[in-house]
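Single-structure report; data block below.
The values are calculated or read from the model by the stated rules, or taken from the named source; none is laboratory data. Bear in mind the structure is a predicted one, so any value in this text is a computation, not a measurement. Glycine gets a Cβ as well: all are built from the backbone with ideal geometry, and neighbour counts include every protein chain shown.
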Amino acid sequence: MKAIETRIKSLVITKCGKTSAIMQLGKEMNMEVVKLNLSQLEELGDLVGFPVKEFQISNAEGKTTWINETQISAASAKGYKVVGKRMSHAAPEWIQGKGEGGFLILDDYTRAD
């Protein structure tokens, strides 16, 4: 842990090679590294995911869960009723299928729109 703290402190001081250092640290720690160039993202949805409608459904026993719009017909056929609605965000492409833990690098933020 001390080696990590030393590297992080040196990153703040030198202000050069930060991305490369984090990429190397992820490799050494066997952790996934995701790098997003913010200046290349077209829309906010590319970063946070696009908005989607979700519906809370409930069965006769009171069990509830959230589903998306395309699943309503199938749930209704099984006896579920819609009891709530909300707006959420679909997982952006860069996060889908990723495991727990890792590093997220938000690069080029000063050139982002």
Practice item. Output yes when any residue across region 79-88 is touching a helix residue (DSSP H, G or I) at 6+ places or on another chain (Cβ under 9 Å), free of Cβ contacts under 8 Å to residues at least 24 places away in the same chain and outside any helix (DSSP H, G or I), and no when none is. Key: yes
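Residue by residue through region 57-98, note down the ones that are acidic (Asp, Glu) and within 19 Å of the chain's Cα centre (by Cα).
Across region 57-98, the qualifying residue is only Glu93.
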Study note, to complete from the structure: If we keep only residues of region 1-43 that are under 21 Å from Thr110 (Cβ atoms), among the charged types (D, E, K, R) and surrounded by 13 or more Cβ atoms within 10 Å (Cβ to Cβ), then the residue modelled with the highest pLDDT is Lys35
